Each structure stands twice: as structure tokens, then as C-alpha cells.
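Down below is the structure, laid out as C-alpha cells.
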Amino acid sequence: MGFRMNLNKGCIEIMANLQTFRNESLMNLNKGCIEIYMLTSKKYRLSPYNCFMVYEPKERLIMYNSFRDKIVQHSLCDNVLEPHLQKTFIFDNYASQKGKGTHFGLDRLKMFMRKYYRQYGADGWVLKCDVKKYFYSIDHGVLKSQLRRVIHDPDVLWLLDMIIDSTEGKGIPIGNHTSQWFAVLYLSGMDHFIKERLGIKYYGRYMDDFYLIHNDKDHLRYCLDEIRRYVEGLGLELNQKTAIFPLKQGIDFLGFRTFMTDSGADCLTKAGSTLKRSWLHTQAGQAMLNTEIVTTL
């Protein structure tokens, strides 16, 4: 009964967000909502995916569901996945969560740099990691096992399994609402491993993009070996962008490069694209550079 009420809530929320409907559209939507109750008898099946390619910033296959399936996933994420999964995450896991996101992640990185400087000065090291073809490499069996550690309702697990297995082989569709939460969860165990076992105080992750800041380069080399082993156990592989480098070079994270000033007391954040670099040479850009923090387009 509780899950049925949550599904109905998801349907009502989506209806409330739609601006206009003709009467026949409302009738069709109501029919769709009634069909959602087939979940309770486990007769519900996902509709075929619609697919298209995007090419910026890199080539990706996007797969998305019908409106009916979006209602189900909307409710599943908001009323089941979010409240159950979020409480298991570390604070510096930034993606897909209310009150977090890219700006939150950048602010945390700036704070880490300032705290690091007060403790160690300007000299330090960064291990920057990125996972190769992350969404396409997520193992269905591993993901199901992770979900079962947190969610125990057999009806919910039946639906989650159906969504996970809606594509063959490895990988989850970029475009599914549930895929965002699956991807945030999949490396959550690694977050705890890095913070609690490897002892990294200054650490943040957004999906498959993450960094470690430490004063000892040899310790970061050790961390890199341990992280490689950990992700290999999940069926993943770090890509060629993974590297250890001096903290003074700054950290490319969430579309910006963040680095300490000469004094180390503050951080400057500037964009990496040619367009944004050009903007910094304008009068407005120079004015922003004279402030403590630069926030560009």
C-alpha cells in the first residue's frame, strides 16, 4: 500500500508541473496512472527505449523512456531511492542530491584548499581520477547487490531489477532518472574506503570524477594503487586522465580550474574553455580577477 501511495504521489507531482493539457490528454494521463498500479500485481513492463546521439562534450548514446515510465521512475527516485540511499553517502558526494550539485562541489573544493594551506602551506599533491566509460561499464549484478544492502522491500527490488536489466550486458542508460541515482551509489563504497581506510581528509566526488589532496606524494601513489584495485572489483577502469600532480597547478573539477593564489589564503576559479579564457581578458573579466573568487560564465 505504501509503495502504491508513493506512485500516486509521483503521478500527481508530474501532473502539477505540466502547464497545459487538453481534456483528452488528461484522460490519457489518468489511464497511464491507472496502468501504473499494475506494479502491485507485477504485470508492469517498461516501454521500449527512444534513442539518440549527442556529440558534445563527447559522443554519448542517450536512451529515454515513455511518459508512463517516467512517472514510475520519478516516484521511485523521489520516494524510495533518494531517502534510502542518500543517508548512506559521505558529505562530499555531490551529484544528483538536493542542496548539492556543481556549485556546492566547487565551494567545498575551495574550502579544502584553504584548510590545507593553513595546515601545510602551499606545497602539496593532488590525485585526480576519472573512470573510463562509467555509465556504460556499471555491472548489473554488482549494482543489484549494492541496492540490496540498503533496500529490502521485495516489490521495490523487483522493479529496480527490471529497470537495471532493461538493457543487455553491462551499463545503464544515460537518460533514465534512476540511472543518476544508480551512478551516485555505485562508487559510494569507494568514497568510504578513501575517507575511512586510506585516511584522505580532502576528498570530493561528482559521479565518476574525483580528487584527493594530500601532503605526501608517496601516499597518493599508494592510494592510486588501492583505488585501481577497488574499482576493478566493480568492473571499472580508471582512464588515461588519472594523474598525480602538484597542488600549485590547480585542480580541474566540474568544468573549472580551482587553484590557490600566491599567498595560499584564497582560491581563484576560472573556466578552461577558450571562450571563457577570452572573457577573462575583457574589462569585466579583469574586474572579477581583482576579487578573491572568480566566478565565470
If S166 satisfies every condition in (1) open to solvent by 20 Å² or more (accessible area, probe 1.4 Å); (2) under 18 Å from the mean Cα position of the chain (by Cα) but one, which is the exception?
(2)
Return the residue satisfying two criteria in turn: it lies in the range 243-265 and is in a loop (DSSP other than H, G, I, E, B) and more than 18 Å from N215 (Cα to Cα), and of such residues it is nearest to the chain's Cα centre (by Cα).
L254
Among (1) assigned to a helix (DSSP H, G or I); (2) within 17 Å of the chain's Cα centre (by Cα), the one test that M111 misses
(2)
Please work out which residue is modelled with the lowest pLDDT, limiting yourself to the range 117-139 and to residues that are under 24 Å from N215 (Cα atoms), of a type in the set (D, E, K, R) and outside any helix (DSSP H, G or I).
D123
Which residues, counting only those in the range 41-76, are assigned to a loop (DSSP other than H, G, I, E, B), within 18 Å of F182 (Cα to Cα) and polar (S, T, N, Q)?
N65
Any residue at all in the range 93-104 that's outside any helix (DSSP H, G or I), in contact with a Pro (Cβ under 9 Å, 6 or more places away or on another chain) and surrounded by 19 or more Cβ atoms within 10 Å (Cβ to Cβ)?
no
Does G204 qualify as being over 15 Å from the mean Cα position of the chain (by Cα), open to solvent by less than 40 Å² (accessible area, probe 1.4 Å) and touching a residue at least 40 places away in the same chain (Cβ under 8 Å)?
no
Do you know which residues across the range 143-163 are of a type in the set (A, V, I, L, M, F, W, C), over 23 Å from Y49 (Cα atoms) and surrounded by fewer than 20 Cβ atoms within 10 Å (Cβ to Cβ)?
V150, I151
Surrounded by fewer than 19 Cβ atoms within 10 Å (Cβ to Cβ), hydrophobic (A, V, I, L, M, F, W, C) and within 14 Å of the chain's Cα centre (by Cα): is that true of I174 in this structure?
yes
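The values are calculated or read from the model by the stated rules, or taken from the named source; none is laboratory data. What you see is a predicted model; the values in this text were computed from it and never measured. Because the Cβ atoms are built from the backbone with ideal geometry, glycine has one as well, and the counts that use them run over all protein chains shown. To get the accessible areas, we keep the full protein, side chains included, count just its heavy atoms, and leave off ligands, DNA and RNA. Shrake-Rupley method; radii C 1.70, N 1.55, O 1.52, S 1.80 Å.
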